[in-house]
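One structure is given here, and the rest of the page talks about it.
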Amino acid sequence: MAVFVTGGAGFIGSQFIRDWVARYPEQTLINFDKLTYAGNPDNLIEVADHPSYSFIQGDICDADSLRAAIPEQCDAIVHFAAESHVDRSIHSASEFVRTNVLGTQVLLDVARERKTRRFLHISTDEVGGSMADDEYYREDSPYAPSSPYAASKAAAEHLARAAHHTFGFDVVLTRTSNNYGPFQFPEKLLPLAISNALEDRPIPVYGDGLQVRDWVHVADNCKALALVLEGGNSGETYHIGGRLPLPNRDVLRLLLSVLGKPETLLTQVTDRLGHDRRYAVDCTKIERELGWTPEIAFEDGLKRTIQWYQDNSAWVNRAKSGEYRNYYQHQYGGDIHEPVP
Ligand code: NAD
Ligand code: TYD
């Protein structure tokens, strides 16, 4: 069996790879990643020397690189590669359209050309837009993306679904809520808040901080992804979430109390433009059809995540300083994105 992963040097993709290689050490796993600012080889040290694992630096928009990298009759492609941060998409959306939309189409084309057996497309609950109070996003709810990031992910979903509908290509899709856990780049809320709190620096709270997000531990998410890859019905979409939508302020207060830090670190800043108020996913379908349920309770998962960031200050410092990017450039001659100031 050969599995081809895109974007496996990022937060979720690297967790998927570490788990998959541990579970199926005899299978071939190829990680194809452009190594943007968000791709970090430190995330894969655990598997880097494993005989079944290999890494190829490449861009999913480049069909020739994909042709050279995807094995003929590849058993599965798991497509994580994306620009993933909403704030960056507000600052500049072009790279989001390029990678998330064009890149997905190029990958779908080459995947079919190589007679890939199954394509798992990783998407987000953000394609449904903001939910009203007490409303839960279902697989058959309408698309209503609001940010440039979400719009590019919705477009990518349409292309993946079109490949299934038009060509009978075996595509399965997942939409996950906000993931948290180790190895998350400290631009997203939780790793940013943890690392700032550990240094007694202010934690930026966008607007009133009452925006609601549903948190799922990245390890639980990756178990769900493996279940969908192995048992999901072709052409179907599955929602994955923690079943616990929480206001940002409550999450941050809990985080500060675990760390024994004062709430005065919470610092209101101007709100994100077009900020979606509430995300909440309904995961009944994956629970009923594939028997998945999140195993890591949020408070426990948050404590473990905080502990990981405390124990791995070297990883955090390298990620924040961009030092790992020099390593990439040195090792692979990659073209590197600068973080948005
Ligand atoms: P991430 O930003 O941590 O990692 C993205 C990875 O993709 C990086 O390794 C990057 O180098 C790679 N990449 C970017 N552009 C590429 C290109 N053109 N070609 C090849 N590789 C490229 O993202 P993440 O948080 O791990 O998210 C992974 C996937 O899950 C994304 O598709 C994202 O939209 C989706 N998702 C994420 C979350 C979340 O909470 N993080 C929630 C729902 C869905
Ligand atoms: P984020 O981690 O960027 O994920 P997403 O926007 O995809 O949900 O943000 C999570 C929530 O936290 C979102 O409501 C925006 C808010 N937020 C802050 O209040 N302060 C911050 O510094 C960041 C990065 C996010």
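The values are calculated or read from the model by the stated rules, or taken from the named source; none is laboratory data. Just so it is clear, the structure is predicted and the values come from calculations on it, not from any experiment. Positions of Cβ are generated from backbone atoms using ideal geometry, with glycine treated the same way; all protein chains shown enter the neighbour counts.
Sort out which residues of region 158-185 are free of Cβ contacts under 8 Å to residues at least 40 places away in the same chain and either within 25 Å of residue 287 (Cα to Cα) or under 16 Å from the mean Cα position of the chain (by Cα) (or both), and write them in order of number. Within region 158-185, just 158 meets the criteria.
For residue 282, are the conditions met, namely being under 24 Å from residue 226 (Cα atoms), charged (D, E, K, R), out of contact with any helix residue (DSSP H, G or I) (no Cβ under 9 Å at 6 or more places or on another chain) and more than 16 Å from ligand 1 (Cβ to nearest atom)? No. Could you say whether any residue in region 75-96 is more than 13 Å from ligand 1 (Cβ to nearest atom) and more than 20 Å from the chain's Cα centre (by Cα)? Within region 75-96, one or more residues are more than 13 Å from ligand 1 (Cβ to nearest atom) and more than 20 Å from the chain's Cα centre (by Cα). The set of residues from region 129-150 being within 16 Å of ligand 2 (Cβ to nearest atom), of a type outside the set (D, E, K, R) and either in contact (Cβ under 8 Å) with a residue 40 or more places away in the chain or in a strand (DSSP E or B) (or both) comprises 129, 130, 131, 137, 146, 147, 148, 149, 150. Between 256, 252, the distinction of being in a helix (DSSP H, G or I) and within 26 Å of residue 134 (Cα to Cα) belongs to 252 only.
Table: residues versus (1) polar (S, T, N, Q); (2) part of a loop (DSSP other than H, G, I, E, B); (3) within 11 Å of ligand 1 (Cβ to nearest atom); (4) at pLDDT 95 or above.
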residue: 4; (1), (2), (3), (4): no, no, no, yes
residue: 16; (1), (2), (3), (4): no, no, yes, yes
residue: 22; (1), (2), (3), (4): no, no, no, yes
residue: 43; (1), (2), (3), (4): yes, no, yes, yes
residue: 54; (1), (2), (3), (4): yes, no, no, yes
residue: 59; (1), (2), (3), (4): no, yes, yes, yes
residue: 68; (1), (2), (3), (4): no, no, no, yes
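Which members of region 162-190 meet the condition of being farther than 25 Å from residue 11 by Cα and not in a loop (DSSP other than H, G, I, E, B)? Passing the criteria: 162, 163, 164, 165, 166, 167. Residues in region 151-179 that are touching a Ser or Thr at 6+ places or on another chain (Cβ under 6 Å) and not aliphatic (A, V, I, L, M) were compared, and the one that is farthest from ligand 2 (Cβ to nearest atom) is 170.
Residues considered: 124, 116. Of these, the only one that is of a type in the set (Val, Ile, Thr), away from ligand 2 (no atom under 16 Å from the Cβ) and either more than 30 Å from residue 312 (Cβ to Cβ) or at pLDDT 95 or above (or both) is 116.
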